Amino acid sequence: MSVQGYMVELTSHQGSVGRVLKAGSVLLSGGQLTDDEEREVREQMNLLNSRWEHLRVASMERQSRLHEVLMDLQHQQLKQLSDWLDTTETRIKRMGAQPLGPELEDIKRQIEEQK
């Protein structure tokens, strides 16, 4: 699964977490729970909220780190391409400045160098 796919999946679950927390609030406001049940519901709601927030923050940090690594790799590849283009341009200019020949063997060698 891609990073974007994971983040979309994570976001899709936020609604479910919200619905569970809302259901817990409805239970608490209903006044039909015993003190122990009310404590348990509050504890479970706090635990769910805490774990969800931790997962969300950790996921965003990981996404950010992956993005940085990707940007670094792209920068490295662009640098390598730029270096290769500079080297190739220099070779082409150098070969263009050289006269062909004068012997057939010289011409064959020059053709091979251009390949």
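The values are calculated or read from the model by the stated rules, or taken from the named source; none is laboratory data. Note that the structure is a prediction, hence the values are computed from the model and not measured. Glycine gets a Cβ as well: all are built from the backbone with ideal geometry, and neighbour counts include every protein chain shown. What goes into the accessible areas is simple: the full protein's heavy atoms, side chains included, and nothing from ligands, DNA or RNA. Shrake-Rupley method; radii C 1.70, N 1.55, O 1.52, S 1.80 Å.
Structural remarks
- Relative to the current alpha-carbon distance between residue 87 and residue 1, full extension at 0.36 nm per residue lengthens the span by 27.1 nm.
- Of all accessible heavy-atom area on the stretch 1-105, the percent that carbon and sulfur account for (1.4 Å): 57 percent
- Cleavage-rule hits (GluC sites (Glu not before Pro)) in the stretch 6-115: DSSP loop, at most 12 neighbouring Cβ within 10 angstrom: 103
- Point-charge dipole on Cβ atoms (K/R +1, D/E -1) for the chain, about Cα centre, debye to 20: 280 debye
- When the Cα positions of 6, 88, 70 are compared along the charge dipole of the chain, 88 comes out farthest toward the positive end, with charges on each C-beta of Lys, Arg, Asp and Glu.
- Helices assigned as whole DSSP H runs in the chain whose Cα atoms extend at least 18 Å along their own long axis and whose mean Kyte-Doolittle hydropathy is 1.0 or higher are not found.
- Pair-distance distribution of the chain: all C-alpha pairs, bin width 5 Å, starting at 0; shares per bin in whole percent are 2, 9, 11, 10, 7, 7, 6, 6, 5, 5, 5, 5, 4, 4, 3, 3, 3, 2, 2, 1, 0.
- List 17, 57, ordered by accessible area with a 1.4 Å probe, largest first: 57, 17
- Averaging 1/r across all pairs of distinct Cα atoms in the stretch 39-96 and inverting the result yields a Kirkwood radius of 15.5 Å.
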